[in-house]
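What follows is calculated from the coordinates using simple rules that are stated; it is not laboratory data. On a predicted model such as this, the values are computed, not experimentally measured, just so you know. Note that each Cβ is placed from the backbone with ideal geometry, even for glycine, and that neighbours are counted across all protein chains shown.
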Amino acid sequence: MINVLRPTAAVAWFVAFAAHALHLWPRHREPLAAGDAAFAKAFAHEVRRFYPFAPFVGGLAARDLTWRGEPIPAGALVLLDVYGQHHDEALWPDPYSFDPHRFTGREIDPYALIPQGGGDPRTGHRCPGEKITVALLGALATRLARLRYDVPDQDMSISLRRVPARPNSGLVITGIPAGGVSLLGHGSHHGNDRP
């Protein structure tokens with residue numbers, strides 16, 4: 001059951017981030033709404049890179065090991081700075097700019113983009129449902145881009161202290177026929193280039 005609930009929750013969080021991105025950078029609505037599948041996939045990857053779903057992940061070393069010359073004793077807490085990795089200028093030129101085009105026409109390094117783990121899902125620690133997440137996020141972002149709605153005044157800042165991270169108000173949209181949709185919560189519009 002957890003393998004159904006966990007990916008569903010992850011996609012819901014990413015859709016809230018997609019709505020956040022469409023609100024801050026509305027120029028991306030048109031190519032998404034037009035049904036450009038390659039752009040939708042690139043947009044999904046950029047949402048996953050730019051936004052801090054899990055700013056960091058941690059685990060305990062199962063045995064004594066050495067990584068890049070650093071000894072790590074068994075039982076030591078090891079943290080992976082996912083947000084730092086996704087905003088590292090050595091890997092991502094202009095990392096605080098939301099730019100889906102960075103993912104068009106290129107293969108993605110499985111150790112650079114790591115929102116759902118790194119490496120190969122068959123041999124490493126990478127979510128085997130990642131392709132489904134990307135496809136769902138691209139389809140749902142396209143649907144959001146085609147909707148007409150309002151974003152009421154709310155706290156759209158994102159704290160990296162919360163895991164999983166999310167817009168502080170959740171991200172509320174209104175003015176659609178169902179009477180309003182809350183993506184991950186509701187609450188009291190300001191945005192910035194950094195989540």
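For this structure, a couple of remarks:
- Among the trypsin sites (Lys or Arg not before Pro) in the range 52-132, those located in a DSSP loop and surrounded by at most 10 other Cβ atoms within 10 Å of their own Cβ are ARG63, ARG68, ARG106, ARG122.
- With the simple spin-label model, which puts each label point 7 Å out from Cα in the Cβ direction, the ASP109 to VAL57 separation comes to 1.8 nm.
- In the chain, helices alone account for a calculated mean residue ellipticity at 222 nm of -10500 deg cm²/dmol, with every DSSP H run of four or more residues adding -39,500 (n - 2.57).
- Sites LEU80 and LYS131 - FRET efficiency at Förster radius 30 Å, r taken between beta-carbons, to 0.05: 0.90
- Relative protection proxy for 137-144, 7-14, from highest mean packing down: 137-144, 7-14 (other beta-carbon atoms within 10 angstrom).
- Per-peptide average of other Cβ atoms within 10 Å, ordering 158-167, 70-79 highest first: 158-167, 70-79
- Rounded if a/c under 1.5, otherwise prolate or oblate - the range 119-176, Cα gyration tensor axes: oblate
- For the range 2-182: Kirkwood Rh in Å [reciprocal of mean 1/r, alpha carbons]: 17.6
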